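Let me begin by presenting the structure, written as structure tokens, before commenting on it.
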Amino acid sequence: MKARILALTGSAALVVPMALGTVQVAQAAPTENPPVTLVDGMTSPVYDYGDAIRETVWVDAPDLDGDGKPERVAADIIRPRELDGTARVPIVMDASPYYLSLGRGNESELKKYDAAGNPTKFPLYYDNYFVPRGYAFVAVDMAGTARSTGCTDEGGRSDIESVKAVIEWLNGKGTAHDVNNKAVNASWSNGKTGMIGKSYDGTLANGVAATGVDGLKTIVPISAISSWYDYNRWQGAVKSRHYASSLSRTIAQGRTIATDCSARLNDMDANDADATGAYTDFWAERDYRAGSFYDVSKVKASVFIVHGLQDNNVKTMNASKWWADLGKQGVERKMWLTRLGHVDPFDSNRQEWVTTLNRWFDHELMGIDNGINREPAVSVETAPNQWEQSKTWPIQAARTMALNPRSDGTMALGTSDRGTASYVNNSRLSETNAVKLGDDPNRLQFLTGTTKHDIRISGTPTVDLDITHAAPVGQVSVMLVDYGTMDRVSATGDGALTLNTETCWGAATAQDDACYKDVTRRIQSSQLQVLARGWARLDGAGQHKVTVELAANDVAVPAGHQLGLVVSGASNGVLAVDQSTGTYTLDLRSTKLNLPVSGPMSGFGPGQLTAKDTEHLAPGTIANLNKTVWPGK
């Protein structure tokens, strides 16, 4: 092997020959990047995790809860001792509200400290894995949680600005203090931070990126929210009453600083617009795509999105719209879409995920040219363990086809039906009963013929409705259903099954091992699957022409299946605003399903499934959308 000079970001590096497949990169101090060892093009563990520096600082942030005092945001840090004073290092950060409340990861790990208050255990594997590779790991307690001051804000300015302050401190701006109130700076940091996290943690990454803060180089939002309105609402339909304050109370559990946040909680209840479901200033503050304080045009960091296509907690709209908006701004992007629900890729594709994440952070934070930016940007699991790669998403081959519901219960390409179809509202109609084949006065069901060829739905289906009702406030629910028996990822447990075995990912200490239980997909044979759902509030009696946007998906539908459109009143997932038994009528002339699909759609042949095919649905076929869930679990 010949020695050669590599230029890493901000410094020069000498490559020293070692064993086959291994490259030692040695750098002269002072340096903006640590000396690293590359194995198969990736940084590998060379620094002592057990002897790493572990410390806590409290970063100063503005007054975010209105008590007239600046906030103190706790940041627990672990970094290689060997590099202290000799090299500055990049940072992997997971900011979270859950470190002392609900815990992190599949095993609900909490932070732990010794008697002097020094961190001894960092949840998840990021510290165990990345610190030996020359990174620092910083675990931030969002304002109002754990060891930080302030009050929680369900994605509002307090949440975002508290984390932003830590990014700025790591980049040489702002102030911080240690446990003895002594001022400390981050002279060990090279100012380059990558944020990562699942759900609320990933949501904080999205929000901080949408501030345009300097120093944030990349984010990896997993199952994350990009607009809290789209988490709590769906076209005016409300998920649950006063969810914002309820979530804020939950994540404040376990905090070490007693704080009266009743004023903040009462303000949330007064301004969440539950009564109307409207997008108000309250929600604009919590919108990172096009909000009043944060928006996608400010994003400077690259973005690696990961989302489950069967996620009924943080629904796919939050990923699909974020992805599209980032693309319009020319932001560097990458995306994984899995066939599971609200599940971390560490618990679905562990080996491939850790390798990919290693390469991503190496490229984005270390400046290592490992080619990851030249690979297909998108990986999609279109069926259990069946992955497809593409440069763009939705795939270029997908085109929108209009399917027209007909009064005889069929649905097909071609001319629309000139008739009408009606159902009697039933606020207690279950999704299980709604999707069953056969007559039901409480919903409408339209079926295509059987597909002659495999097709792939890729993107966001929409349904144009011309609907009339007599209620003061009405509501409509729409589902796209794949009818046909096949092996699918179960809705039970978000499709993930925790095993008794475990694997280890990084270095360990007696207090902080790097071992986690293995997880596999719950794959089962099922008679059908709800591919996408959507809801809309209908204010005022009379006729409504509305386009209902369904959840984005990317899924393979095999030949021999039938697609179904189900229209009803209330259903799982949102509160019923119309509890009457009034009649809802569709004008079929202007009602249609707009389906983004790849494959020959003209080949729908004749065929009819019978009611017995869906009379006894297997457990795990239908998701329970009415259970209380938090965005981090």
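Entry note: region 206-285 has Rg to Rh equal to 1.01, where both radii use alpha-carbon atoms and Rh is the Kirkwood radius.
Coupling constants for region 35-50 follow from the phi torsions by the Karplus curve (6.51 cos²θ - 1.76 cosθ + 1.60, θ = phi - 60°), and in residue order they are x, 10, 10, 9, 10, 6, x, 10, 4, 10, x, 9, 9, 6, 5, x Hz; glycine and proline get x. Shape of region 477-551 from the C-alpha gyration tensor: oblate (a/c of 1.5 or more and a/b not above b/c, with a ≥ b ≥ c the square roots of its eigenvalues).
Looking at region 337-395, which GluC sites (Glu not before Pro) are in a loop (DSSP not H, G, I, E or B) and have at most 11 other Cβ atoms within 10 Å? Write out the running numbers ahead of the final one.
On the way: sites: GLU352, GLU364, GLU381, GLU388; in loops: none.
Answer in residue order: no site qualifies.
Shown in residue order for region 442-448 are the 3J(HN,Hα) couplings computed by the Karplus curve 6.51 cos²θ - 1.76 cosθ + 1.60 at θ = phi - 60°: 9, 7, 10, 9, 10, 10, 6 Hz (x for Gly and Pro).
List residues of region 524-546, by number, whose backbone nitrogen lies under 16 Å from a label position 7 Å along Cα→C-beta of ALA618. Of the residues in region 524-546, 524-530 have backbone N under 16 Å from the label point off ALA618. In terms of Cα to Cα distance under 28 Å, which lysines are near enough to LYS173, apart from those fewer than 8 places away along the same chain? Counting by Cα, and skipping residues close in sequence, LYS173 has these lysines nearby: LYS69, LYS111, LYS121, LYS164, LYS182, LYS192, LYS198, LYS217, LYS298, LYS300. Applying the criteria of a DSSP loop state and at most 11 other Cβ atoms within 10 Å to the trypsin sites (Lys or Arg not before Pro) of region 411-457 yields ARG418, ARG428. Helix 350-361 and the longest principal axis of the Cα set of the chain meet at an angle near 60°.
Proximity of backbone amide H atoms, modeled 1.01 Å from N, is registered between ASP518 and LEU499, THR501, GLU502, THR503 at under 5 Å, excluding neighbours fewer than 5 places apart on the same chain.
Cα centroid separation, region 185-208 to region 268-333: 18 Å.
If a/c stays under 1.5 just call it rounded; otherwise compare a/b with b/c (prolate if a/b is bigger, oblate if not). Do that for region 112-155, with a ≥ b ≥ c from the square roots of the Cα gyration tensor eigenvalues.
Working: a/c = 3.02, a/b = 1.54, b/c = 1.96.
Oblate, because a/c is 1.5 or more while a/b does not exceed b/c.
To the nearest 10 degrees, how steeply does helix 200-209 sit against the main Cα axis of the chain, on a 0 to 90 scale? Rounded to the nearest ten degrees, it is 70. In this simple spin-label model, placing a label point 7 Å from the Cα along the Cα-to-Cβ direction at both THR585 and HIS453 gives a separation of 4.0 nm. Shown here: region 310-432, whose C-alpha atoms stretch 63, 33, 27 Å along the first, second and third principal axes, sorted largest to smallest. Remark: the HIS242-TRP387 segment gains 48.3 nm on full extension, using 0.36 nm per residue and subtracting the alpha carbon distance.
When the Debye formula is applied to the Cα atoms of region 262-379, each taken as the same point scatterer, what base-10 log of I(q)/I(0) results at q = 0.18 Å⁻¹? Taken in order of the listed q values, log10 I(q)/I(0) reads -1.06. Amide H to amide H distances under 5 Å link VAL238 with LEU575, where only residues 5 or more positions off or on other chains count and H is placed in the peptide plane.
Tilt of helix 317-328 relative to the longest C-alpha principal axis of the chain, in degrees (0 to 90, nearest 10)? Compared with the principal axis, the helix lies near 70 degrees.
By how many nm would the segment from LYS112 to VAL546 grow when fully extended, if each residue of separation counts as 0.36 nm and the alpha-carbon distance is taken off? Provide the component values of the computation, followed by the final result.
On the way: separation 434, 0.36 × 434 = 156.24 nm, distance 5.15 nm.
Once the chain is fully extended between LYS112 and VAL546, it gains 151.1 nm.
Look at the dipole of the chain built from charges on Cβ: of PRO558, PRO123, VAL314, the Cα furthest out on the positive end belongs to PRO558. Annotation: amide H of ASN33 within the under-5 Å range of ARG88, sequence separation 5 or more or interchain, hydrogens built in the peptide plane. Each residue of region 143-157 is assigned a 3J(HN,Hα), and the resulting list reads 3, x, 9, 6, 9, 9, 7, x, 10, 6, 9, 6, x, x, 4 Hz, derived from the Karplus form 6.51 cos²θ - 1.76 cosθ + 1.60 (θ = phi - 60°), x at Gly and Pro. For region 77-192, taking Cα atoms only, Rg and Dmax work out to 14.2, 40 Å respectively. Remark on the chain: Rg and Dmax equal 25.7, 80 Å (Cα only). Seen through its C-alpha gyration tensor, with square-root eigenvalues sorted a ≥ b ≥ c, region 399-494 comes out oblate because a/c lies at 1.5 or above while a/b is not bigger than b/c.
Here, each number is a calculation from the coordinates, and none is a lab measurement. Note that the coordinates shown come from a computational prediction; the quantities given were computed from them, not determined experimentally. Neighbour counts run over all protein chains shown; Cβ positions are idealised from the backbone, glycine included.
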